[in-house]
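Following: one structure in structure tokens, then a few remarks.
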Amino acid sequence: MDLNTVVDIAASTIRVSTPLLFAALAGLYSERSGIFDISLEGKMLIAAFASAALAATSGSAVLGLLAGILAAVVFSLIHGLASITYRGNQIVSGVAINFVAAGLTMILGQAWFSQGGRTPTLFGASRFAPIHLPFADAVRDVPVLGPIYSGVISGQSILVYLAFLTVPFTWWVLFRTRFGLRLRAVGENPAAVDTAGISVTWLRYRAVIICGVLTGFAGTYLSVAQAAGFTRDMTAGRGYIALAALIFANWKPVPVMFACLLFGFLDAASFRMQSVELPLIGPIPGQAIQALPYVLTVILLAGFVGRATPPKAGGVPYVKER
Amino acid sequence: MGMAEPAIELIGIDKRFGAVRANRDISLTVEKGTIHGIIGENGAGKSTLMSIIYGFYQADSGEIRVGGNRVEITDPNAAIAAGIGMVHQHFMLVDNFTVVENVMLGAEQSGLLNSGIARVRSELKRLEREHALDVDPDALIEDLPVGLQQRVEILKALYRGADILILDEPTGVLTPAEADHLFNVLRQLREEGKTIILITHKLREVMAITDHVSVMRQGEMVATRKTSETSVAELAELMVGRRVLLTVEKGEAKPAETRLTVDNLTVKDSRGVTMVNDVSLQLRAGEIVGIAGVAGNGQSQLLEAITGIRRAVSGRITLNGEALDPTKPGDPREMRRRGMAHVPEDRHHMGLVLPFEQNENAILGYQDDKAFAKGPLLDLDAMRADAREKIAAYDIRPADCRLKTANFSGGNQQKIVLAREMERDPDVLIIGQPTRGVDVGAIEFIHKRIVAMRDAGKAILVVSVELDEIRALSDRILVMFAGRIVGERGPDASEGELGLLMAGIDEREAAE
């Protein structure tokens, strides 16, 4: 493999990982607070639709982003209402949100734009364009580092940089701030938080809202940065892959980033691997590689490698004991 | 109650949960700088009252005064602000947090943690110096023994500046030595002018450490006494409303042939930790053998291995003369068929299906019995007739075999399990925690039944964390510590001697 191929795969790994990273970090906030969230997929989808729709009508990518965030937060609040206030089953609520998102985007898309569920193609200022970092062209010819800087690090959308900056920020919030301490506590033992005089409900709602904001970014990236508009079911299971990455990384921010990069790499590589023939086996089906994140996660959950320890109070509605 | 300054006063506190009136018109004055015991049976309303003081619930009516001023305690924050701290029965700690993080939670000082961490560390050092409350600030809670976890709970309250400290059943999880240390800490806190409210059902503790004691019964505060002017007998009577036997009347045991032999049994738990280590014991017809020990020393796994619920790693079990291999996957039904009955330690977890009707639970495990079968179907009439008989024989209330089991009180639920297992007329009866969460009246009844089974020639193994119960029931006492039987004593062994054994210290060995 020559350097160009490596740079190519690396750049596309970064791009593919970005929505996973936003979504996995979104799930991290929610699940660390004790609210399991299987609806990352649905929230990404509704955000992708809302952002593309507004970006197309207003011509502004930033307005699109705001619409995406708003839509995802609304869906988050529905999940919060069901699982925090009404103490419902978090998995059922999440699945319902996924269904609603899939149906709603299709119906509204057809009703508003009549393009078979697509939104109009975005161009110019209605998309997040690649940003060229300083000196990207100047250093292009420096051996090895040059192409990596100009081809991988530079030339990504603003949202990509934001996603990767969210990783250290999340670590800092979780382990260095009062909010983070309480967030981690409420996912482990909400009664301890309650008796310490802190509102379990408000804490969990805040976590769920943050989850909505970040899935908003994830969805917007898909339709307004990576692609040029919304297409039906464009999330294509990324919400579940993000969830798998979150579990794979044991609900910790920095490992989440590496898990997303790994899963992103598998995705990016699967295109190129299709032409590769292995002796005896023949060509590797792309699906086999795309299935790897799930296979790896199942292996991890089954306890073969290390151990996944979810937040102890996760999935359990908090009820004051009598 | 004397001239002393009140730390906290409750006036006319009333609280309902649906149809249940958990607290009725409760008034109570606790003097500053004293240790005040609150005793009562399970369900007497002690915990509800304390939860009201701590702001976990709001009273329907009544008022609370702290230091003479009326306060509205709307949530735990308000209680903390009023200087009230609480050590809950089930610790309110985050297991994968360090001691520092737990102490800090809810009292972090600022949005960033750094300054708070420094403050907690220096405060912990001071509290450690002043109160002999030392604990490693960087240890994870899950790595600490329960005695130290409780210490963290006390530190949490003191760190928040509590002047009034409420402890809810603090000694349930402690060894006698740990309990003594706790009492020393409490006495010292009293010397410093702190006020301590101690909720317990252990009368001996009340006598040992409190200055005053209040008795609750069925949601009412029935009496308050100076501890020096009352007695265990009077308090017990006030709690139950009638005289109770604190000891079990029983004659000499007449042990006959060996029914159950356990040889060199070793059992690991699901994490692979050895919980039962090379345990051997014999159980003969007509005797009660009690296993004493602090919870978590392998008693549960021993019971599960004997009753065929859990596979042992090695060892042999002989039941009614037949050798069984406990390292094969167990079969509780087979054990039952061979004449063993089992009252599990945790009736909610293993003994009962709470949403089932009483009559369904009354045949659980015996549902294949021909007596309850009508072809392939259950014979509901036979089941209900059988259940009604047991309800009458064991005085189970309410006497309604169609009632959901969850709606019975703890004592009556326990009687449902006991009736089911005892009425099968087993040769060997294995009972875990016969009276956990059962009120005093029912305890007496259950103990009498167990002794009657012994006198009828049954071999009975009792595991209990209540030392009083072990001493009252057993003809022989085995003490379990860290997975081993560390000693055998007669029924007349002193509490002190057993307590030391439970902590792994053998006095007789030490003397040699």
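Coordinate-derived values only; no laboratory data. Keep in mind that what you see is a predicted model, and the values were worked out from it rather than measured. Every residue, glycine among them, receives a Cβ derived from its backbone with ideal geometry; neighbour counts consider all protein chains shown.
Before moving on, here are some points about what is shown:
- For the range B:6-240, relative contact order (Cα pairs under 8 Å, six or more residues apart, normalised by length) works out to 28 percent.
- Whole-Å distance, taken between Cα centres, linking the range A:145-182 and the range A:185-234: 17 Å
- Toward the positive end of the charge dipole of the range B:6-240, with +1 on the Cβ of Lys and Arg and -1 on the Cβ of Asp and Glu, the farthest Cα among B:99, B:196, B:122 is that of B:196.
- Within the range A:1-58, the percentage of alpha carbon pairs spaced more than 12 angstrom apart rounds to 74%.
- Shielding of peptide A:177-185 by partners, expressed as the average count of other chain Cβ atoms within 10 Å per residue Cβ, is 6.
- Between 0 and 90 degrees, the angle of helix A:253-273 with respect to the longest Cα principal axis of chain A falls at about 40 degrees.
- Estimated from helical segments only, the mean residue ellipticity of the protein assembly as shown at 222 nm is -14000 deg cm²/dmol, where each DSSP H run of four or more residues counts as -39500 (n - 2.57).
- The Cα atoms of chain A define a convex hull whose projected area, averaged across directions, is 18.9 nm².
- Cα convex hull, the range B:57-131: 144 Å³ per residue, rounded to a whole number.
- Compared with the direct C-alpha span, the chain from residue B:27 to residue B:380 gains 122.1 nm at full extension, assuming 0.36 nm per residue.
- Cβ-Cβ distance of residue B:222 and residue A:250, R₀ of 60 Å, FRET efficiency by 1/(1 + (r/R0)^6): the value works out to about 0.65.
- Within the range A:69-102, backbone nitrogen closer than 20 Å to the virtual label 7 Å beyond the Cα of residue A:112 toward Cβ: A:69-78, A:97-102
- Environment charge at residue A:271 (Cβ cut-off 14 Å; Lys +1, Arg +1, Asp -1, Glu -1): 0
- Those lysines that a straight Cα-Cα span of less than 23 Å connects to residue B:156, excepting residues fewer than 8 apart in one chain: A:312, A:320, B:32, B:46, B:125, B:194
- Three principal axis extents of the range B:207-312 based on alpha-carbon atoms, in descending order, are 51, 40, 25 Å.
- Between residue A:138 and residue A:99, the C-beta separation translates, for a Förster distance of 41 Å, into a calculated FRET efficiency of about 0.20.
- GNM result for chain A, Cα springs below 10 Å: residue of A:200, A:298, A:213 fluctuating most strongly: A:298
- Between the range B:9-64 and the range B:259-328, the alpha-carbon center distance in angstrom: 43 Å
- Relative contact order, percent, the range B:266-379 [alpha-carbon distance under 8 Å, six or more residues apart]: 17 percent
- The dipole here belongs to the range B:6-240: it is taken about the Cα centre, uses +1 on the Cβ of Lys and Arg and -1 on the Cβ of Asp and Glu, and is about 460 debye.
- Here the simple spin-label model places points 7 Å from the Cα toward Cβ, and for residue A:169 and residue A:316 these points are separated by 3.3 nm.
- For the range B:383-512, the spread of Cα coordinates along the three principal axes comes to 60, 29, 24 Å, biggest extent given first.
- Over chain B, the hull volume per residue, using the convex hull of the C-alpha atoms, is 176 Å³.
- Debye, to nearest 20: dipole size of chain B, +1 on Lys, Arg Cβ, -1 on Asp, Glu Cβ: 980 debye
- Mean Cα-pair separation over length for chain B, i.e. relative contact order, pairs under 8 Å, 6 or more apart, %: 14 percent
- Averaged over peptide B:105-113, the number of partner chain Cβ atoms lying within 10 Å of each residue's Cβ comes to 6.
- Just so you know, the Cα atoms of the range B:317-373 work out to an Rg and Dmax of 13.5, 39 Å.
- Whole-Å distance, taken between Cα centres, linking the range B:141-176 and the range A:90-116: 51 Å
- By the count of neighbouring beta-carbon atoms within 10 Å, fewest first, A:112, A:251, A:202 end up ordered A:202, A:112, A:251.
- A Cα-only calculation for the protein assembly as shown places Rg and Dmax at 32.3, 100 Å.
- Projected label distance in nm at residue B:134 and residue B:112, using a 7 Å step from Cα toward the beta-carbon: 3.4 nm
- Springs between Cα atoms under 10 Å define the GNM used for chain A, and in it the highest mean-square fluctuation of A:182, A:140, A:32 occurs at A:140.
- A Cβ-based charge dipole, computed about the Cα centre of chain A with Lys and Arg at +1 and Asp and Glu at -1, lands at about 1000 debye.
- Dipole orientation for the protein assembly as shown: of the candidates A:117, B:309, A:278, A:117 has the Cα lying most toward the positive pole (charges on Cβ; Lys, Arg +1; Asp, Glu -1).
- For q = 0.14 Å⁻¹, Debye-computed log10 I/I(0) when each Cα of the range B:6-240 counts as one equal scatterer: -0.90
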